[in-house]
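Below is one structure, written out as structure tokens, with a few remarks after it.
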Amino acid sequence: MTTARVFVIGHPIGHSRSPMMHGYWIARHGLDATYEKRDVAPEDLGAFVRQFRAEGWTGCNLTIPHKREVMAHVDSIDPAAEAMGAVNCLWWEENRLIGGNTDAYGLIAHLDNSRPGWDRGASRAVVLGAGGAARAATWGLRQRGLEVDLCNRTASKAETLADELGTGVAGHGTDQLAELLAGADVLVNTTSLGMIGQPPLDLDLGPMPAHGVVYDVVYAPLETDLLKRAAARGLGTVDGLGMLLHQGAKGFERWFGVMPEVTPELRRMLEDDI
Ligand code: ATR
């Protein structure tokens, strides 16, 4: 049997935590497989996918700048990637090359696995930001039937995104944030505020109901200022590292037909790498 090959491609590719994560699962499941990082320039994307098909490689993760452009090179796009306008994972289904997106799945699966997560019966969420991460978070939350208020510094971007995402999503600026937080079961930060090198997210969590859960997509640092303040108020907290792990797990399942476990040991390995 030939070794199954999976790649993560980007340009520049830089430091990626995916090889460590998938390498761990490959070893744990005793698979004859490799997960390699490869720098692919934008003009070489078509040639890479042609080679991928010719060699019958098993799968691929994609990062900037290939997430949209790769759509022109696959046979079919899954509903999540269609909604996101971005592909982060390639896999085969009956000899057809599928471009999919596992980010929203990762966010929801992480909430499913967090305690407290959904066990508090969430029905309304506030999502901060209006970029790609906000789109993934909102789409995932809508799949679970939550009503979502998108709040963004630039109100028009939130309004446009809300229109695109349709029923159950409303777009706002930040002027009504306190009011919206008072009715929110879940708050998701998808802005880069709070990330190492960025200013903290200066947000008063006071209006959030006592049962609220705060989810920060930022995972470097793991415990953001926002999560520290949420914990101090007794709110539930969920950090962004699990989203990365669970979106990775979904890709692994697509490639190898087995859902790998997000173990505490793997989480610690990634935490040590931050
Ligand atoms: P991604 O695709 O990773 O989600 P993005 O498209 O750059 O990233 O989106 C980042 C989001 O964070 C944007 O909604 C941005 O707000 P604007 O639309 O007003 O630019 C938000 N953001 C970034 N820096 C911010 C800041 N200092 N204050 C408030 N919002 C900020």
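The values are calculated or read from the model by the stated rules, or taken from the named source; none is laboratory data. All values derive from a computational prediction rather than experimental measurement. Positions of Cβ are backbone-derived with ideal geometry, glycine not excepted, and every protein chain shown enters the neighbour counts.
Residues are listed down the side, and each one gets a yes or a no for (1) under 18 Å from Gly257 (Cβ atoms); (2) surrounded by 13 or more Cβ atoms within 10 Å (Cβ to Cβ):
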position: His29; (1), (2): yes, yes
position: Gly46; (1), (2): no, yes
position: Arg50; (1), (2): no, no
position: Gly59; (1), (2): yes, yes
position: Val87; (1), (2): no, yes
position: Glu94; (1), (2): yes, no
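When you check Ala54 against the structure, is it surrounded by fewer than 12 Cβ atoms within 10 Å (Cβ to Cβ) and either of a type in the set (A, V, I, L, M) or in contact with a strand residue (DSSP E or B) (Cβ under 9 Å, 6 or more places away or on another chain) (or both), yes or no? Let's see the steps before the verdict.
Details: surrounded by fewer than 12 Cβ atoms within 10 Å (Cβ to Cβ): yes; either of a type in the set (A, V, I, L, M) or in contact with a strand residue (DSSP E or B) (Cβ under 9 Å, 6 or more places away or on another chain) (or both): yes.
When the stated conditions are applied, Ala54 passes them.
Filter the range 97-123 for residues that are within 19 Å of the chain's Cα centre (by Cα) and acidic (Asp, Glu) and give the result.
Asp103, Asp112
Exactly one of (1) assigned to a loop (DSSP other than H, G, I, E, B); (2) under 13 Å from Gly129 (Cα atoms); (3) in contact (Cβ under 8 Å) with a residue 60 or more places away in the chain is unmet by Ala184. Its number?
Among (1) assigned to a loop (DSSP other than H, G, I, E, B); (2) under 13 Å from Gly129 (Cα atoms); (3) in contact (Cβ under 8 Å) with a residue 60 or more places away in the chain, the lone unmet condition for Ala184 is (2).
Mind checking which pairs have a first residue in the range 161-179 that is in the same structural domain as Met208 (by TED's automatic domain parsing) and within 26 Å of Glu82 (Cα to Cα) and a second that is away from the ligand (no atom under 15 Å from the Cβ) and in a helix (DSSP H, G or I), Cβ under 6 Å, 6 or more apart or different chains?
Every condition considered, the pairs that remain are Gly168/Arg142.
Test Gly194 against the criterion of being among the small types (Gly, Ala, Ser), over 14 Å from Ala134 (Cβ atoms), away from the ligand (no atom under 11 Å from the Cβ) and modelled with pLDDT of 95 or more, and give yes or no. Break it down stepwise before answering.
On the way: among the small types (Gly, Ala, Ser): yes; over 14 Å from Ala134 (Cβ atoms): yes; away from the ligand (no atom under 11 Å from the Cβ): no; modelled with pLDDT of 95 or more: yes.
Taking the combined requirement at face value, the residue does not satisfy it.
For the range 140-154, give me each residue that is within 13 Å of the ligand (Cβ to nearest atom), out of contact with any strand residue (DSSP E or B) (no Cβ under 6 Å at 6 or more places or on another chain) and of a type outside the set (Lys, Arg). Please lay out each step first, then the result.
Within the range 140-154, the subset within 13 Å of the ligand (Cβ to nearest atom) is 150-154.
Filter once more, so that each one left must be out of contact with any strand residue (DSSP E or B) (no Cβ under 6 Å at 6 or more places or on another chain): 152-154.
Matches in the range 140-154: Asn152, Thr154.
Could you run through the range 229-261 and say how many residues are surrounded by 20 or more Cβ atoms within 10 Å (Cβ to Cβ), in a loop (DSSP other than H, G, I, E, B) and in contact (Cβ under 8 Å) with a residue 40 or more places away in the chain?
Within the range 229-261, residues that are surrounded by 20 or more Cβ atoms within 10 Å (Cβ to Cβ), in a loop (DSSP other than H, G, I, E, B) and in contact (Cβ under 8 Å) with a residue 40 or more places away in the chain number 1.
Give the range 167-189 a look and list any residue that's within 16 Å of the ligand (Cβ to nearest atom) and either among the basic types (Lys, Arg) or touching a Ser or Thr at 6+ places or on another chain (Cβ under 9 Å) (or both), or say none.
Val169, Gly171, Gly173, Val188, Asn189, listed by residue number.
Please tell me if Gly106 is away from the ligand (no atom under 11 Å from the Cβ) and either in contact with a Pro (Cβ under 9 Å, 6 or more places away or on another chain) or of a type in the set (S, T, N, Q) (or both).
Values: away from the ligand (no atom under 11 Å from the Cβ): yes; either in contact with a Pro (Cβ under 9 Å, 6 or more places away or on another chain) or of a type in the set (S, T, N, Q) (or both): no.
In short, no.
For the structure I just gave you, tell me whether Leu111 is in the same structural domain as Leu266 (by TED's automatic domain parsing), touching a strand residue (DSSP E or B) at 6+ places or on another chain (Cβ under 9 Å) and of a type outside the set (Phe, Trp, Tyr).
Details: in the same structural domain as Leu266 (by TED's automatic domain parsing): no; touching a strand residue (DSSP E or B) at 6+ places or on another chain (Cβ under 9 Å): yes; of a type outside the set (Phe, Trp, Tyr): yes.
In short, no.
Determine which member of the set Arg153, Arg68, Arg142 is within 25 Å of Val217 (Cα to Cα) and buried (at least 17 other Cβ atoms within 10 Å of the Cβ). Step through it out loud before you land on a result.
Working: Arg153 fails: buried (at least 17 other Cβ atoms within 10 Å of the Cβ); Arg68 fails: buried (at least 17 other Cβ atoms within 10 Å of the Cβ).
Matching residue, one of Arg153, Arg68, Arg142: Arg142.
Asp163 - would you say it is among the charged types (D, E, K, R) and either within 14 Å of the ligand (Cβ to nearest atom) or loosely packed, with under 15 Cβ neighbours inside 10 Å (or both)? I'd like the intermediate steps shown before the answer.
On the way: among the charged types (D, E, K, R): yes; either within 14 Å of the ligand (Cβ to nearest atom) or loosely packed, with under 15 Cβ neighbours inside 10 Å (or both): yes.
When the stated conditions are applied, Asp163 passes them.
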